[in-house]
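The structure appears right after this line, and notes come after that.
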Amino acid sequence: MRYLTILLASLIFMAIAAFTSNKNLVVTSPAFNNNSPIPIKYTCLGQEVSPPLSVKNIPAGAKSLVVIVDDPDAKVTVKKPIPPAKTTAKKGSHKKRVPSAPPAMESVQVDSCFLHWLVWNIDVDGGEIPEGFKNPDEGLNGMKLPGYKGMCPPTGAHHYHFKVYALDTKLNISKTSTKEEVEKVMEGHILGWGELVGIFDKLYK
């Protein structure tokens, strides 16, 4: 059992290492610098079009690019049952049986990762992805709609990760594929990847 656990841990480590070791793409944008504010034009307060991206150091043999844009700072509100208060019955007391009531609920915020854009099978020629880019192969964003969704954080400054992957193949998948499904299909086909991080806060527009 111990040997199996060690083997499993080793395989997981190798998979993570293989996924992260080829971070060799250089992703930039003429619209904003890395770790800098994203212009309003590309957000929910503007025209809400995708910003232009430039991808350099694309490995030889790459057949397509994948772009995933998400917000790891996002949170979602969920309902969670409130644990009942503990009571101590007095010795010799007899409580009447009462029908059990539904548990009380409270709203709590949990970490999420809102998806703003999921697009695959982008042509590698030149490595330039123009502003307002449209592609036949685009998945559903966090609003369950196809294409790009502009940044619109409810409060505070959020960091938006524009991740680009160079693949040795094109993907033959459904347009309703989730980010997790696309990432699963990409396994074993990633020749390189890189990212550009932009920041947006509606209060500092």
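The table below gives the values:
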read-out	value
Inter-residue pairs, beta-carbon under 8 Å, first assigned to a loop (DSSP other than H, G, I, E, B) and in the range 55-69, second surrounded by 22 or more Cβ atoms within 10 Å (Cβ to Cβ) and at pLDDT 95 or above, 6+ apart	N57/L25; I58/L25; I58/L65; I58/A166; P59/A166; A62/A166; A62/L167; K63/L167
Any hit, the range 80-87, residues being touching a Ser or Thr at 6+ places or on another chain (Cβ under 7 Å), at pLDDT 60 or above, over 18 Å from W120 (Cα atoms) and not in a strand (DSSP E or B)	no
Condition met for K175 (modelled with pLDDT of 95 or more and within 18 Å of the chain's Cα centre (by Cα))	no
Condition broken by W117, with the remaining ones in (1) at pLDDT 90 or above; (2) farther than 25 Å from K184 by Cα; (3) part of a strand (DSSP E or B) satisfied	(2)
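Here's the yes/no breakdown for (1) out of contact with any Ser or Thr (no Cβ under 7 Å at 6 or more places or on another chain); (2) basic (K, R); (3) surrounded by 15 or more Cβ atoms within 10 Å (Cβ to Cβ):
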{"residue": "F114", "(1), (2), (3)": "yes, no, yes"}
{"residue": "G139", "(1), (2), (3)": "no, no, yes"}
{"residue": "M151", "(1), (2), (3)": "no, no, yes"}
{"residue": "N172", "(1), (2), (3)": "yes, no, no"}
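The values are calculated or read from the model by the stated rules, or taken from the named source; none is laboratory data. Values in this document were obtained by computation on a predicted structure and should not be read as measured data. Reconstructed Cβ throughout: ideal geometry from the backbone, glycine too, with neighbour counts over all protein chains shown.
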